[in-house]
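Report on one structure; see the data block that follows.
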Amino acid sequence: MKFDINILENVPLAELTTLEVGGAARFFVRAESENDVAEAFRFAEKNDLDLFILGGGSNVVIADDGFDGFVLQIGLKGIEISGDLVSAQAGEDWDALCESCVEQNLAGIECLSGIPGFVGGTPVQNVGAYGQEVSETIISVRAFDRKTKDFIELSNQQCGFSYRKSIFNSTARDRYIVLSVSYRLIEDGEPKIVYADLIKYFNGKQPTLGETRDAVIEIRAAKSMVIRSDDPNRRSVGSFFKNPIVSNKKFAEIAEKAATETVPSFKIDEGSVKIPAAWLIENSGFDKGFQKGNVGLSTRHTLAIVNRGGATAKDIAALRDEIQVKVKERFGVELKPEPVFVGFN
């Protein structure tokens, strides 16, 4: 059977990720059209290969032995803006989309500026930061359904969004390949200033969308959460752990263990709160800049595990495990990693 795509073999993956660790893909293709995606799926199915979908590589940890399957990188390009409706192909750079929308005075994703990766990854994780989540503006997601082998449109409700979660990384994991995302933004809308860092930054001033975007990038850069070539903390996936949501009872137990320390929290509903994972990590014995060989924590933010140069995926996983164990022992909370682990047993 002939396949109308350029399939490569033994392609190194580390350079395609922000963490810069990991081995090679047995087979690899970069899809630049929906037909390429369908063809890639056919190839994987025909050859009984596990298929992994790679976007901008900002939320993955590739195993040192690589991936003994087929890696499909989504390279679909194109952005359409009509009034308050924005449609972007999955291979578009996310921050570039944020910049374009802000320039056209469209509100709704300005606080998500500076986040690395492609558009296609944003609905999967329900990407959020500084008081905004993409689920607030997404109206539909176009995808390839690996089960029915059809191209479909999923509504916001069908995506099943919740905190850092969607059907794409939970109930329907490995079923859909995101091809494009449509958003409804607010023409001439005001920026969303609800996050503490932004409230403090503007100190009562009502900023423009552009000023908000600039502030978000400045704040993120101060925490090494913007990828810059001269930043020693740049090799990371950003926030490595999700902020855990706990019951009010559990929170009271944590506050008691913290003793003199005030535990920061954000109310989720009447029965639960969200605690910053960074606070739990710091209060479990890990400081900013903690280092173990070639891996460590960012010198600016304990939530980021960093490849200091020459680290392996095994090193990354070992520090992940150590942090999880210490936090569980200290506070009885299990931290959940944000990135996807590829090629691990």
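The values are calculated or read from the model by the stated rules, or taken from the named source; none is laboratory data. From a predicted model like this one, the values you see are computed outputs, not experimental measurements. Here the Cβ positions follow ideal geometry from the backbone for every residue, glycine too, while neighbour counts run over all protein chains shown. Just the protein is used for accessible areas: all its heavy atoms, side chains included, with ligands, DNA and RNA removed. Shrake-Rupley method; radii C 1.70, N 1.55, O 1.52, S 1.80 Å.
Before moving on, here are some points about what is shown:
- Residues located in segment 107-120, provided they are open to solvent by 20 Å² or more (accessible area, probe 1.4 Å) and either modelled with pLDDT of 95 or more or among the hydrophobic types (A, V, I, L, M, F, W, C) (or both): ILE115, PHE118
- Criterion (open to solvent by 40 Å² or more (accessible area, probe 1.4 Å), in contact with a Leu (Cβ under 7 Å, 6 or more places away or on another chain) and closer than 30 Å to SER33 by Cα) met by exactly one of ARG184, ARG173: ARG184
- For segment 1-17, the tally of residues that are modelled with pLDDT under 95 and either open to solvent by less than 30 Å² (accessible area, probe 1.4 Å) or among the aliphatic types (A, V, I, L, M) (or both) stands at 3.
- Where strands (runs of 3 or more DSSP E) sit wholly within segment 22-104, those with at least 1 residues that are over 20 Å from LEU179 (Cβ atoms) and in contact (Cβ under 8 Å) with a residue 24 or more places away in the chain occupy 24-31, 60-62, 67-74.
- Filtered residue count, segment 157-169, keeping only those that are among the polar types (S, T, N, Q) and open to solvent by 40 Å² or more (accessible area, probe 1.4 Å): 3
- Against the test of being at pLDDT below 95 and over 25 Å from ASN35 (Cβ atoms), the options LYS192, LYS205 yield a single qualifying residue, LYS205.
- For segment 123-144, a tally of residues being closer than 22 Å to PHE41 by Cα, open to solvent by less than 10 Å² (accessible area, probe 1.4 Å) and touching a Leu at 6+ places or on another chain (Cβ under 8 Å) returns 3.
- Taking the listed residues PHE344, PHE331, the one that is farther than 28 Å from ARG173 by Cα, surrounded by 13 or more Cβ atoms within 10 Å (Cβ to Cβ) and hydrophobic (A, V, I, L, M, F, W, C) is PHE331, with no other qualifying.
- The numbered conditions (1) at pLDDT 95 or above; (2) within 12 Å of ARG213 (Cβ to Cβ); (3) not in a helix (DSSP H, G or I) are all true for PHE151 except (2).
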